[in-house]
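Here's the structure, in structure tokens; my notes come after.
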Amino acid sequence: MAASLPSLGNCKNLLSLSLAQNKLSGSIPPLVIGLSSLSDLYFSKNYLTGSLPLEVGLLKNLGYLNVSENKLSSEIPGTLGSCVRLETPRVEGNLFHGTIPTYSSSLSGLQILDLSRNSFSGRIPEFLEGFNFLQILNMSNNDFEGAVRTEGVFANASAVSVMGNSKLCGDVPELQLSLCISKGSRNRRLSVTSKLTENDHSSVSPTKSLFKVSYQTLLHATGEFSSENLIGVGGLGSVYKGIIQHDGTIVAIKVLNLQQCGASKSFIAECEALRNIKHRNFVKDMTGHVGDFGLARFLGKATPTIYTNQGSSIGVRVFIGYTAPDYAMGSEVSAKEDIYSYGILLLEMFMVNRPTDDMFQDSTKIHNYVKKALPYRVGEVADPLLLRGGEEKTQVKMLGAA
């Protein structure tokens, strides 16, 4: 449905209202959001603009509020603190900005709070530590600053997400934040950072600068994540091709399956790999070449081989058919394993057969199968199209000689 929101001021006994996943535009009418009988309100995944009306404070019975994935802006109204029964407010994927209002104990019944992918700023409110029922707190991809708190929900790193806030610091390793430093050392660090930034600006073209996009922009770019734009599907998510409408930029958009265990850690691993690896065939200035590092791990220079166990966070996944048998059995990681996997990939390209195909299900492995055909029976295992291309070139040369 593509339209503006109707006025429902006469529906005095309405308990639940869901207008999610439509093409609604315009602002939220105060009469709609001011129905005191409402306990559940869903406006997610539309094109709503403007602010969250002050009348939201009239929803004394509201338990669930979802206005995510719209284009709502301005600041979160302080009147939201009057919704004393609120358990799950979701405002992610909008354009909200400013600091989080002080709700103190008025919203102490919160269980899930998602503020991600907005432009909130300032320090993380202290009162969040006292929300004893808060189970999930997502504040990622905003502009928060200062030290991450350590009590309450913050004591459980798996329940908190603060990634994408470059000004935050903290001492919890799982949150992947820089350490908080004293004022004196901070001043010295800022001086060095400023010099590095100036040098970086002189060498990076303005056209290569990164830009922020909203969920709606990505939705349009991918045709609402249409299967026609699906590039590939992995164990932790899917990748779509997209075209940004305002300038025609072609992008690859990865959608993580957060229900899958390890998805968040995979994303952090990719970011870490992209930040540290420099190679002409890898991603550079965010221009796509080869860039799937979801399971990447770094081997220290002083430690050519790493042994892992089930309790280690640096363990490497085994891909059936592409992983060397000795590694799969002994959990030993080295550069030789990468060489083996690369060789299997080359054989797959030349043969157009996967190492997991039925013909290799017995004791015969793809590399042994090819080895038996060398050197005189290569034509029996190679892709016929490759050989045909060679024959055509030979015929052209012979005609030229004639």
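The values are calculated or read from the model by the stated rules, or taken from the named source; none is laboratory data. Keep in mind it's a predicted model, so treat the numbers as computed, not measured. Don't worry about glycine lacking a Cβ; one is built from the backbone with ideal geometry, like all the others, and counts go over all protein chains shown. The protein model used for the area step is the full one, side chains on, heavy atoms only, and it has no ligands, DNA or RNA in it. Shrake-Rupley method; radii C 1.70, N 1.55, O 1.52, S 1.80 Å.
A few remarks follow.
- Of all residues in the range 68-75, at least one satisfies being farther than 23 Å from residue 219 by Cβ, surrounded by fewer than 17 Cβ atoms within 10 Å (Cβ to Cβ) and touching a residue at least 24 places away in the same chain (Cβ under 8 Å).
- Strands (runs of 3 or more DSSP E) contained in the range 214-273 and holding at least 1 residues open to solvent by 40 Å² or more (accessible area, probe 1.4 Å) and charged (D, E, K, R): 237-243, 250-256
- Residue count for the range 36-55 satisfying the condition of being touching a Ser or Thr at 6+ places or on another chain (Cβ under 6 Å) and either open to solvent by less than 50 Å² (accessible area, probe 1.4 Å) or within 19 Å of residue 106 (Cα to Cα) (or both): 5.
- Residues of the range 20-48 that are among the hydrophobic types (A, V, I, L, M, F, W, C) and more than 22 Å from residue 82 (Cα to Cα): 20, 24, 48.
- Whichever residue in the range 86-112 is modelled with pLDDT of 90 or more and open to solvent by 40 Å² or more (accessible area, probe 1.4 Å) and, among such residues, is farthest from residue 140 (Cα to Cα): 87
- Residue ID - modelled with the lowest pLDDT, chosen from residues in the range 172-185 that are loosely packed, with under 12 Cβ neighbours inside 10 Å and part of a loop (DSSP other than H, G, I, E, B): 182
- Qualifying residue in the range 116-135 (condition: more than 20 Å from the chain's Cα centre (by Cα) and closer than 21 Å to residue 43 by Cβ): no
- Across the range 233-250, the number of residues qualifying as small (Gly, Ala, Ser) and touching a strand residue (DSSP E or B) at 6+ places or on another chain (Cβ under 6 Å) comes to 3.
- When the test is whether a residue is under 32 Å from the mean Cα position of the chain (by Cα), at pLDDT 75 or above and not acidic (Asp, Glu), residue 354 passes it.
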